[in-house]
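One structure is given below, encoded as C-alpha cells.
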Amino acid sequence: MFEPSLNERQSRIDRVQVVALVGLMLLGTMFVYSATMASESAHLAPWYNQSWFRQVVWYVVGIGAATALCCVDYHTLARWAMFVYWVAVLLLAVVLLFGTVRFGARRWFDLGFFSVQPSEFAKLAFILAQAHFLSRPLEELRSLKTFWKALGMMLLPAALILKEPDLGSALVFLPAGLAMLYVAGTHRRYLLRLLGGVGIVGVLFLVNVLFAPANWQVKLEDYQRRRLLVYFGINYAPRDAPKAERERLRKQQFDDSYNVRQALISVGSGGLTGQGWRQGKQNALGYLPRSVAHNDFIFSVIAEEKGFLGSVTVLTLYGAVLFSGIRIAGQARDRLGKTLAVGVVTLVFSQVFINIGMNIRLMPVTGVPLPLLSYGGSSVLGSLIAMGMLQNVYIY
C-alpha cells in the first residue's frame with residue numbers, strides 16, 4: 001500500500017533548489033558575456049568561440065551529468081567511492097608532473113579544445129569517499145584510529161593541491177571535512193583538539209610569514225606571500241632598506257593590490273540599482289582587469305552593473321541553494337546521505353564565502369571561483385555534479 005507514495009517520492013526533485021540554480025546560470029551567462037565582450041577585439045572571434053557560449057556549453061554538459069547522476073541511487077554510487085577517490089588522487093599527482101603551467105601554477109591538463117582542472121573533481125571525490133567512510137557503525141566511528149584515517153583522507157588531496165600551488169582549493173577541504181566528521185558523530189573532543197591545533201598553527205604561520213626575517217620564513221611562493229602582505233596592509237619594504245629599494249617595493253605593492261582596489265571600486269560604484277548591464281565603467285574601460293573580471297571577480301562586475309539589489313539577488317539565490325541543501329541533509333534517512341549532503345553544502349558555502357569575501361576585501365585573493373557564476377568548465381561541471389549529488393540524496 002506504500003509503494004505508490006514511495007514511487008511518487010522518488011520521482012520528485014527539490015524545485016526550490018533547481019529554480020535557484022537556473023537563476024544563477026542565467027546570471028552567469030549574462031555577466032560572463034558582459035565581462036568578456038566589453039572590448040572591441042572580443043567581437044572579432046566567432047560566436048561559438050566566445051567565453052559566454054562556452055559557459056553555456058558547460059552548463060548543458062553539467063546539467064546532463066547531474067541528471068545522469070540522479071538516475072543512480074547514492075548508495076550504489078558509494079560502492080565506487082574509494083575507487084573514484086584514488087583515481088582523483090592519482091590525477092592530482094599526474095598533473096604535478098605533466099600538467100600545463102599557467103601563471104606559475106601547474107593545475108591543468110590541456111586537452112586542446114578545453115582544459116581540465118583535476119582539483120575541482122577531487123573535492124567531490126573526497127566528499128563521496130568521506131561520506132562512505134563515515135557511514136560505519138557509531139562505536140567504530142568514535143575510535144581515534146577512525147578519526148585519524150578520516151583526517152588522512154582529507155589531507156592527502158589537499159596536500160597535492162597545495163603543491164600545485166592552489167592554496168584556495170586546498171583550504172576548502174578543511175571546513176567540508178570537519179563538518180562531515182561533526183555531523184557523522186565523531187567524538188567532539190577530537191574535533192575540538194583538532195580545531196585548537198589548527199588555530200594555533202594558523203596564527204604561528206601568519207606571524208612567521210608576516211613578521212619573521214626572510215631566512216626564518218616558511219617557504220611560500222613569492223606571489224602567495226605578497227597577497228598576504230597586501231591583505232594585512234603590511235609594507236613590503238623594511239624600514240632600514242635604501243630609499244631606492246623602498247620606492248621599488250612600494251610600487252610593487254601598489255601594483256599587487258591593483259585588482260583588489262579596482263574590485264572594491266566596482267562594488268562601491270554600483271549604488272542601489274547599478275549602472276546597467278554592460279554599462280559599468282570599471283569593466284567597460286578595463287580598470288577591472290579583463291583577465292580576471294569574468295572569473296575571480298565576476299561578483300564585482302555584477303555589483304557594479306546591478307548594484308546592491310543585484311548583489312542581494314545573488315546572495316538570495318545562493319541562500320536558497322544552501323538552505324535547501326541543509327533541509328535535504330536533515331531529511332536524509334541514513335548517515336551516508338546526511339554526511340554527503342552536509343559535505344556538498346559546506347563546500348559550496350566555503351567557495352561562495354571566500355570568493356565574495358576577496359571581492360570586498362574580507363578575504364585575501366586566493367583564486368577560488370564563484371560556483372556557477374565564474375567562467376570555467378571544470379568549476380561549472382564540478383558545481384553541477386555537486387548539485388546532482390544533493391538532488392540524489394533528496395530523491396532516494
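Brief remarks on what is shown
- Options Tyr223, Tyr231, Tyr182, Tyr258; residue that is within 30 Å of Gln331 (Cβ to Cβ) and aromatic (Phe, Trp, Tyr): Tyr182
- Selection from the stretch 256-283 of residues that are surrounded by fewer than 20 Cβ atoms within 10 Å (Cβ to Cβ) and outside any helix (DSSP H, G or I): Ser257, Gly271, Leu272, Thr273, Gln275, Gly276, Trp277, Arg278, Gln279
Yes or no, residue by residue, for (1) within 24 Å of the chain's Cα centre (by Cα); (2) assigned to a helix (DSSP H, G or I); (3) within 22 Å of Phe349 (Cβ to Cβ):
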{"position": "Trp148", "(1), (2), (3)": "no, yes, no"}
{"position": "Leu155", "(1), (2), (3)": "yes, yes, yes"}
{"position": "Leu181", "(1), (2), (3)": "yes, yes, yes"}
{"position": "Val198", "(1), (2), (3)": "yes, yes, yes"}
{"position": "Lys219", "(1), (2), (3)": "no, no, no"}
{"position": "Asp240", "(1), (2), (3)": "no, no, no"}
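- Just one of the numbered conditions (1) of a type in the set (Gly, Ala, Ser); (2) loosely packed, with under 12 Cβ neighbours inside 10 Å; (3) in contact (Cβ under 8 Å) with a residue 12 or more places away in the chain is not true of Gly196: (3).
- In the set Leu347, Leu288, Leu322, Leu309, only one residue is open to solvent by 30 Å² or more (accessible area, probe 1.4 Å), closer than 20 Å to Leu373 by Cβ and in contact (Cβ under 8 Å) with a residue 24 or more places away in the chain; that residue is Leu309.
- Meets criteria (more than 30 Å from Arg227 (Cβ to Cβ) and either of a type in the set (Lys, Arg) or under 11 Å from the mean Cα position of the chain (by Cα) (or both)) for Lys338: yes
- Failed item in (1) closer than 30 Å to Arg136 by Cα; (2) within 12 Å of the chain's Cα centre (by Cα), with Ile395 passing the rest: (2)
Quick grid of which residues meet (1) small (Gly, Ala, Ser); (2) farther than 21 Å from Lys338 by Cα; (3) touching a strand residue (DSSP E or B) at 6+ places or on another chain (Cβ under 9 Å):
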position	(1), (2), (3)
Trp86	no, yes, no
Val101	no, yes, yes
His132	no, no, no
Ala176	yes, no, no
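- Whenever a residue of the stretch 352-379 is more than 14 Å from Tyr231 (Cβ to Cβ), its partners that are assigned to a loop (DSSP other than H, G, I, E, B) and of a type in the set (Gly, Ala, Ser), lying with C-beta atoms within less than 7 angstrom and at least six residues away or across chains, give the pairs Pro369/Gly376.
- Helices (runs of 4 or more DSSP H) contained entirely in the stretch 12-125, each with at least 1 residues that are open to solvent by 40 Å² or more (accessible area, probe 1.4 Å) and among the hydroxyl-bearing types (Ser, Thr, Tyr): 15-36, 51-69, 74-78
- Qualifying residues in the stretch 279-314 (those that are within 17 Å of Tyr258 (Cβ to Cβ) and of a type in the set (Val, Ile, Thr)) - the one farthest from the chain's Cα centre (by Cα): Val301
- Remark: Phe113 falls outside the filter, which requires a residue to be under 30 Å from Arg333 (Cβ atoms) and more than 22 Å from the chain's Cα centre (by Cα).
The values are calculated or read from the model by the stated rules, or taken from the named source; none is laboratory data. These figures come from a predicted structure and were not determined experimentally. Glycine gets a Cβ as well: all are built from the backbone with ideal geometry, and neighbour counts include every protein chain shown. Note: accessible area is taken over every heavy atom of the protein model, side chains too, but ligands, DNA and RNA are not part of it. Shrake-Rupley method; radii C 1.70, N 1.55, O 1.52, S 1.80 Å.
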